[in-house]
Amino acid sequence: MSNIILVDFLSRTDKKAPVKQSSYLGALRAISAHPSFDVDNSVAALRDATYAFVHWLEQKVSVDVRLPSIDTQTSMQISRLNFLKMCGGSSANVTL
């Protein structure tokens with residue numbers, strides 16, 4: 001369940017929306033990089049959390065894979081971003 005919720009951040013905004021189409025996470029990065037209403041650096045927490053999340057998504061992790069049809073078990077290195085996209089069924093090209 002949590003993988004699917006995380007994939008929501010990677011999904012894209014609607015084509016009909018009055019904003020440029022991008023991933024919600026990409027939009028958060030753009031908003032925090034160029035905020036319209038920043039008072040005394042009030043956007044710092046959002047910016048820091050967004051960049052930390054992006055960094056976490058880009059990290060490579062080892063995933064154990066079991067392929068019973070060929071009687072094989074192995075490990076592969078994959079970024080969390082790609083792993084979440086695979087688990088959540090997202091084929092979107094995501095811009096972080």
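None of the figures in this text is laboratory data; all of them are computed from the coordinates on show. Predicted model, so just to flag it, every value in this text is computed and none were measured. Quick reminder, even Gly has a Cβ in these numbers, built from the backbone with ideal geometry, and neighbours come from all protein chains shown.
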*Where the Cα pairs of region 7-54 fall when distances are cut into 5 Å bins, in %*: 5, 23, 26, 23, 15, 8, 2
*Report the residues of region 15-44 in range of a label on R80: point 7 Å along Cα→C-beta, backbone N strictly under 18 Å from it.*
24-29
*asked:* Could you order the peptides 43-55, 68-80, 23-35 from most to least packed, using the average number of other C-beta atoms within 10 Å per residue?
replied: 23-35, 43-55, 68-80
*Just the ratio, please: alpha-carbon radius of gyration of region 1-81 over 2.2 N^0.38 Å, N its number of residues.*
1.50
